[in-house]
1. Determine which single condition H115 fails, assuming it passes every other condition in (1) more than 16 Å from the chain's Cα centre (by Cα); (2) part of a helix (DSSP H, G or I); (3) closer than 19 Å to L26 by Cα.
2. Would segment 126-146 turn up any residue that is within 10 Å of the chain's Cα centre (by Cα), closer than 21 Å to V16 by Cβ and either loosely packed, with under 15 Cβ neighbours inside 10 Å or not aromatic (F, W, Y) (or both)?
3. Return yes when T17 is modelled with pLDDT of 85 or more and under 23 Å from the mean Cα position of the chain (by Cα) and no when it is not.
4. Only one of S114, S107, S67 is at positive phi and without any contact (Cβ under 8 Å) to a residue 40 or more places away in the chain. Can you tell me which?
5. Residues that are farther than 24 Å from V38 by Cβ and either without any contact (Cβ under 8 Å) to a residue 24 or more places away in the chain or in a helix (DSSP H, G or I) (or both): does segment 55-62 have at least one?
6. Across segment 110-125, what is the total count of residues that are of a type in the set (V, I, T) and either farther than 16 Å from A20 by Cα or crowded, with 18+ Cβ neighbours inside 10 Å (or both)?
7. Report yes if G55 is of a type in the set (G, A, S) and on the phi > 0 side of the Ramachandran plot, otherwise no.
8. Consider F48 against the criteria (1) modelled with pLDDT of 80 or more; (2) not in a helix (DSSP H, G or I): it satisfies all of them except one. Which criterion is unmet?
Amino acid sequence: MVKRKKSFRKKRPIAVTFIAIAIVVLFFIRLYQVYDPVIRHRILTAMFIRPLFLGWHPTDLGLTLASSIGYLVLSVTGLVVLIGFLRMRRWSWVLLMAWTGASLIVSLVDYFSSHANYAVMAANVIIAFALNIPEVQRLYKIRKDDEPAL
């Protein structure tokens, strides 16, 4: 008779899987937000021809380059957080909550500047709600077992 191997690993709630999928979706959306302006405005070739700043004020090219760099930082940070989150590290929960807040702020700025990305906003809201589920908080040791769920 074959004995079944016992697994003592903590079982992940389904919310963790949804969060991981949302992070991957956000990574690709943010990567597209880096790629699209660089190709459309030809930033890499125009950087050497047109100025990025006029005095102390950035030009449209400079603002586009700054937003592309910001989106690149958000997407790379998302990958680092995803790796830590899937390895169930406590720091990844905290960093993911901060990353989601920063991404929501960027999305709100985009919304008020009249080119909102609703997919990013929806994914960030899903991540924020899923991170606050008591089982997820207990799994990442954010909430103790003796604390009641609100």
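1. (2)
2. Let us first name the residues in segment 126-146 that are within 10 Å of the chain's Cα centre (by Cα), namely 127.
Add one more test, that the residue is closer than 21 Å to V16 by Cβ, and what stays is 127.
Of the ones still in play, those that are also either loosely packed, with under 15 Cβ neighbours inside 10 Å or not aromatic (F, W, Y) (or both) are 127.
Yes, some residue in segment 126-146 is within 10 Å of the chain's Cα centre (by Cα), closer than 21 Å to V16 by Cβ and either loosely packed, with under 15 Cβ neighbours inside 10 Å or not aromatic (F, W, Y) (or both).
3. On the way: modelled with pLDDT of 85 or more: yes; under 23 Å from the mean Cα position of the chain (by Cα): yes.
Against the criterion (modelled with pLDDT of 85 or more and under 23 Å from the mean Cα position of the chain (by Cα)), T17 qualifies.
4. Details: S107 fails: at positive phi; S67 fails: at positive phi.
Just one listed residue meets the conditions, S114.
5. If we filter segment 55-62 for residues that are farther than 24 Å from V38 by Cβ, which is where we start, we get 55-56.
Then drop every residue that is not either without any contact (Cβ under 8 Å) to a residue 24 or more places away in the chain or in a helix (DSSP H, G or I) (or both), which leaves 55-56.
Yes, segment 55-62 contains at least one residue that is farther than 24 Å from V38 by Cβ and either without any contact (Cβ under 8 Å) to a residue 24 or more places away in the chain or in a helix (DSSP H, G or I) (or both).
6. Start the filter on segment 110-125 by keeping residues that are of a type in the set (V, I, T), which leaves 120, 125.
Filter again for either farther than 16 Å from A20 by Cα or crowded, with 18+ Cβ neighbours inside 10 Å (or both), leaving 120.
Result for segment 110-125: 1.
7. Numbers: of a type in the set (G, A, S): yes; on the phi > 0 side of the Ramachandran plot: yes.
In short, yes.
8. (1)
The values are calculated or read from the model by the stated rules, or taken from the named source; none is laboratory data. Bear in mind that the values here come from a model prediction, so they are computed numbers and not experimental data. FYI the Cβ positions are ideal-geometry reconstructions off the backbone, even for glycines, and counts take in every protein chain you see.
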